[in-house]
1. Could you sort the peptides 23-34, 93-104 by per-residue average Cβ neighbour count (10 Å cutoff), highest mean leading?
2. Take the Cα of S105, step 7 Å along the line toward its Cβ, and report every residue of segment 44-86 whose backbone nitrogen sits under 18 Å from that point.
3. Can you give the charge dipole size of segment 2-109 about its Cα centre, rounded to the nearest 20 debye, using +1 on the beta carbon of Lys and Arg and -1 on the beta carbon of Asp and Glu?
4. Find out how many positive minus negative residues lie around E6, taking Lys and Arg as positive, Asp and Glu as negative, among other residues whose Cβ is under 14 Å from that of E6.
5. Reachable lysines from K57, Cα under 18 Å, same-chain residues fewer than 8 places away excluded?
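Here, each number is a calculation from the coordinates, and none is a lab measurement. Quick caveat: nothing in here was measured; it's all calculated off a predicted structure. Cβ: placed from backbone, ideal geometry, glycine included. Neighbour counts: every protein chain shown.
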Amino acid sequence: MILKSELTYEMEGFFAHADVNHTGKRYYTYLNDGGVGAYTLLNAGVGYNFSNITSLKKLTLQADVTNLTDKVFYSTIDSNGFTASDTAGSTQTLLLGAPRQFFVSLKARF
């Protein structure tokens with residue numbers, strides 16, 4: 001199960017957004033006896049749109065953070081192929097998702 005939700009706000013150049021992404025338990029065996037747990041991620045950002053600055057039509061300054069709660073989770077499963085069951089041992093490659101990250105961007109429109 002995958003659920004996604006986003007909330008945005010904008011007023012007089014200022015904008016903000018927050019989104020929540022939930023991924024349910026996933027299995028990497030055909031018999032569903034081997035898998036990884038569910039996780040929920042929160043991302044957020046704020047910014048401001050400046051207009052009519054000298055020769056620029058628009059200038060946007062934005063700051064974002066992903067995985068705000070610094071959740072440890074598996075983003076990728078089954079990259080080594082599915083097996084019938086986990087009882088005989090598994091050769092799965094499970095890849096961790098990205099930790100909390102911060103981004104600042106500046107965008108100009110001429």
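1. Output ranking for 23-34, 93-104: 23-34, 93-104.
2. Within reach of a label on S105, which here means backbone N under 18 Å from a point 7 Å along Cα→Cβ, segment 44-86 contributes 44-51, 57-68.
3. For this selection, approximately 380 debye.
4. Around E6, the charge tally is -2.
5. K107
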